[in-house]
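Heads up, the thing below is written out as structure tokens.
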Amino acid sequence: MNKQFAFIFAIFSLLLLSCKGDTTKKVVDNVLDIAMLKEPTMLNPLLNPGATERIVFHNIFAPMADFHPETYELSPILIKSIPDGEPIMDGPYKGGTKYTIEIRDDAKWDNGSPITAKDILFTIKAIKHPSTNAAGYRSYMKHVSDVTLDPKNNKKAIFYFKDYYILAKELAVTVEIYPQYHYDPENAMDEISIPELDSDKAKDLIDVSPKLVAFAKEFNNVKFSRESISGAGPYRLKEWVSNQFIILEKKENYWASDTDIPSLMANPDELKFHFIADETATISQMKEGNIDVFTNMSGSTFFDLKENETYKDDFQYFTPELMKLYYIAINNSKPELSDPDVRRALAKLVDIPKLINILEGGLGRQTVGSINEKKPYYNKELTPISLDIAGAKEILTKEGWKDTNDDGIIDKKINGEKIEMDLDIHVTGSELSKNIGLLLQENAKKVNININIITKKYRDTKRENIKKRDYDLVPLVLGQDLSLDDPYLKWHSENDDPAKSNDVSYRSEKADELIDNIRSTQDDTQRALYYRDLQKVMYDDQPVIFLYNPQEKIIVSKDWKASSTMKRPGYFAGTFELAK
């Protein structure tokens with residue numbers, strides 16, 4: 001009997017060993033495990049609407065409307081319908097346009113209270129408060145002249161735009177709404193109006209009100225960015241362990257539990273975001289069944305797994321074209337980088353098709369500027385800059401850059417000081433960032449430019465280098481939208497400020513004029529011409545090295561029914577369902 005048992009045990013052991021690999025699949029639960037290469041800095045979209053942060057916070061916060069992930073049309077979320085602009089016939093904003101917005105009757109906050117127009121007004125005031133860290137949004141919201149409440153319907157708000165603005169409707173309805181009871185329990189923002197916040201006396205009015213001063217300090221505090229977070233979305237923050245993970249849990253008795261609106265759906269009970277900077281480690285975790293979703297990886301990693309005979313059938317592979325742009329930021333304020341010709345020479349040192357093939361597996365499209373090729377006003381007459389080592393060397397020589405001291409690095413006297421073309425490129429731990437740095441470094445050597453690769457976390461680079469303009473080069477990503485482009489925030493010289501978004505210090509009178517024209521003209525045909533002219537000006541100036549528009553690479557476990565979208569980040573986690 002013992003011998004028979006031993007024989008059966010041996011056969012059973014051999015069967016176990018013969019199973020593929022050494023993976024131990026997790027017990028399939030209703031928790032969606034998502035890998036992220038970077039950790040969000042905060043979960044407060046008004047203060048930081050970054051691409052990394054959005055992956056998490058769009059499950060917590062909800063805008064009034066957004067572009068639908070399937071139809072790509074502006075569609076209502078928290079509101080009953082998309083408003084039409086109405087001419088303002090009288091009053092202080094006569095000649096402008098107004099939009100009447102009505103919140104859905106069933107929309108509620110976490111405490112069960114209804115979402116009202118007063119919450120809309122509060123959100124706009126929080127943005128316009130000059131002491132909150134919402135400078136990015138504030139640059140756009142300055143177009144909103146006022147927001148009034150309907151005295152007969154607490155669900156209705158009216159947005160007033162005194163002057164024409166191309167994105168007025170989108171601006172009025174796509175902002176994430178905040179609950180005033182949570183973020184402003186003292187109702188401090190009731191003490192001041194939007195016209196007062198927009199006036200030259202705003203700071204004086206705020207300084208004499210302890211409640212308004214305290215509000216901004218509290219709103220900017222880590223409390224409302226990492227701890228006490230509340231929005232109209234289907235999930236709430238359950239736990240955040242720095243450098244490890246964030247867990248969002250599905251809200252009980254959520255007001256939109258039966259919805260078919262993707263951004264309000266919550267099929268998984270929990271969303272767990274794991275911070276794993278190393279792609280190899282992430283793939284290993286996927287093979288072991290500990291990670292369900294992985295995005296934003298290198299092409300080699302994506303295709304290695306897709307073509308792996310052992311694991312290829314365990315996963316789903318999606319490659320949606322995302323509205324985003326990869327580029328290398330150049331600090332235009334640095335003396336050695338202030339010359340457009342020098343920046344063009346640097347652009348000629350980047351083999352972009354090689355980057356796309358090596359890093360993306362061919363899943364990407366080289367671009368000539370900041371406008372996505374899908375837009376009807378993309379300038380098709382501009383030719384993408386190609387790798388041209390000899391051409392780069394010719395430009396640099398013509399501009400007076402020579403190796404005068406035989407140290408192997410070209411130099412030049414600028415304002416009486418000899419400056420060597422010895423540049424730093426700040427990269428993160430991602431394969432994409434590192435490889436961009438390495439490939440540029442290799443080609444730069446051929447024209448006697450030295451490039452030092454500095455590896456550090458992006459949030460540290462942003463705080464310590466980009467915002468202080470203490471950098472030379474940084475590979476970055478620019479999120480793009482399905483709506484009309486407003487180049488003001490990123491490229492206008494008025495936003496060359498540490499608190500604003502022109503991080504490369506690009507300054508051009510021609511570009512500024514065209515950007516102003518784009519924002520003010522009401523004629524679509526004329527606006528398209530301004531867009532194309534702006535692309536030509538920036539093509540000549542090369543404020544950054546424009547690289548390519550990537551296709552996202554998304555791997556999802558077959559334990560889940562999943563789909564992808566052009567909208568960032570390429571999927572809506574709440575729509576995923578366990579496969580049966």
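DSSP loop GluC sites (Glu not before Pro) in the range 105-200 with at most 14 other Cβ atoms within 10 Å of their Cβ, which ones?
For GluC sites (Glu not before Pro) across the range 105-200 that sit outside H, G, I, E and B with at most 14 neighbouring Cβ atoms in 10 Å, the list reads Glu186.
Using 1/(1 + (r/R0)^6) with R0 = 41 angstrom and r between the beta carbons of Leu387 and Glu70, what's the FRET efficiency to the nearest 0.05?
0.60
Which far-off residues, 5 or more places away or on another chain, put their amide H under 5 Å from the one on Lys561, with H placed in the peptide plane?
Here the answer is Glu577, Leu578, Ala579, since their amide H atoms fall under 5 Å of that of Lys561.
Positive end of the dipole of the chain, charges at C-beta (+1 Lys, Arg; -1 Asp, Glu), about the Cα centre: which of Phe303, Ala579, Gly408 has its Cα farthest in that direction?
Result: Ala579.
Just how far, in whole angstrom, is the range 127-184 from the range 441-507 if you go by their alpha carbon centroids?
Their Cα centres are 29 Å away from one another.
Figure the gain on full extension for Ser209 and Ser284 (residue separation times 0.36 nm, minus the Cα-Cα span) and round it to one decimal in nm.
That works out to 21.5 nm of additional length.
How many nm is it between the label spots at Asn221 and Asp313, if each spot is 7 Å from the Cα in line with the beta carbon?
5.7
So in the range 324-550, what percent of DSSP beta bridges are antiparallel if you round to the nearest 5?
So the antiparallel bridges in the range 324-550 amount to around 75 percent.
Among the listed pairs Lys334/Lys412; Lys162/Lys211; Lys251/Lys561; Lys108/Lys561; Lys169/Lys536; Lys380/Lys553, which have their C-alpha atoms separated by more than 25 angstrom in this model?
Among Lys334/Lys412; Lys162/Lys211; Lys251/Lys561; Lys108/Lys561; Lys169/Lys536; Lys380/Lys553, the Cα-Cα distance tops 25 Å for Lys162/Lys211; Lys108/Lys561; Lys169/Lys536; Lys380/Lys553.
Magnitude of the Cβ-charge dipole of the chain, K/R +1 and D/E -1, about the Cα centre, nearest 20 debye?
560
For the range 277-293, what does the Karplus curve 6.51 cos²θ - 1.76 cosθ + 1.60, with θ = phi - 60°, yield as ³J(HN,Hα) per residue in whole Hz, taken in order and with x for Gly and Pro?
Along the range 277-293, the couplings run 6, 9, 5, 4, 5, 5, 4, 4, 5, 5, 4, 7, x, 8, 10, 9, 9 Hz.
Amide H neighbours of Tyr548 under 5 Å, at least 5 residues apart or on other chains, H built in the peptide plane: list them.
So Tyr548 has HN proximity to Tyr326, Thr367.
Along the charge dipole of the chain, which of Gln285, Thr52, Met141 sits closest to the positive end, that is, farthest toward it, with unit charges on the beta carbon of Lys, Arg, Asp and Glu (+1, +1, -1, -1)?
The residue sitting most towards the positive pole is Gln285.
What's the center-to-center distance, using Cα atoms, between the range 42-57 and the range 402-434 in Å?
So the separation of the two Cα centres works out to 34 Å.
Shape verdict for the range 19-133, please, from the Cα gyration tensor: rounded (a/c under 1.5), prolate (a/b greater than b/c) or oblate.
Here the range 19-133 falls in the prolate category.
Using alpha-carbon positions, what is the distance between the centroids of the range 542-563 and the range 299-329, in Å?
Cα centroid to Cα centroid, the span is 7 Å.
Restricting attention to the range 214-306, which GluC sites (Glu not before Pro) occupy a DSSP loop and are surrounded by at most 13 other Cβ atoms within 10 Å?
Glu252
Applying the Karplus parametrisation 6.51 cos²θ - 1.76 cosθ + 1.60 with θ = phi - 60° to the phi angles of the range 264-273, what ³J(HN,Hα) value in whole Hz is obtained for each residue in order, glycine and proline being reported as x?
Along the range 264-273, the couplings run 10, 7, 9, 6, x, 5, 9, 10, 10, 9 Hz.
So who's got an amide H within less than 5 Å of the one on Gly364, skipping anything under 5 residues away but keeping other chains? H placed 1.01 Å off N, in plane.
For Gly364, whose amide H was placed from the backbone, the distant partners under 5 Å are Gln551.
If you take percent of Cα pairs over 42 Å apart from the coordinates, which of [x] 59; [y] 28; [z] 44 do you get?
Derived directly from the coordinates: [y].
Enumerate the calculated ³J(HN,Hα) couplings along the range 393-406 in order (Karplus 6.51 cos²θ - 1.76 cosθ + 1.60, θ = phi - 60°), each rounded to whole Hz, writing x wherever the residue is Gly or Pro.
Each residue of the range 393-406 in turn: 5, 5, 4, 4, 5, 4, 7, x, 8, 9, 8, 7, 10, 6 Hz.
Go through the range 468-573 and name the trypsin sites (Lys or Arg not before Pro) that are in a DSSP coil and have 15 or fewer other Cβ atoms within 10 Å of their Cβ.
The qualifying sites are Lys468, Arg469, Lys558.
At 0.36 nm per residue, minus the direct Cα-Cα distance, what do Asn452 and Ser338 gain on full extension? Give it in nm, one decimal, please.
39.1 nm
Give me log10 I(q)/I(0) at q = 0.20, 0.25, 0.29 Å⁻¹ for the range 420-460, Debye formula, one equal scatterer per alpha-carbon, no solvent.
With no solvent term, the Cα-only Debye profile gives -0.57, -0.79, -0.95.
Each reported figure results from applying straightforward, stated rules to the coordinates on display, with no laboratory input. All of these numbers come straight from a predicted model, not from anything done at the bench. Quick reminder, even Gly has a Cβ in these numbers, built from the backbone with ideal geometry, and neighbours come from all protein chains shown.
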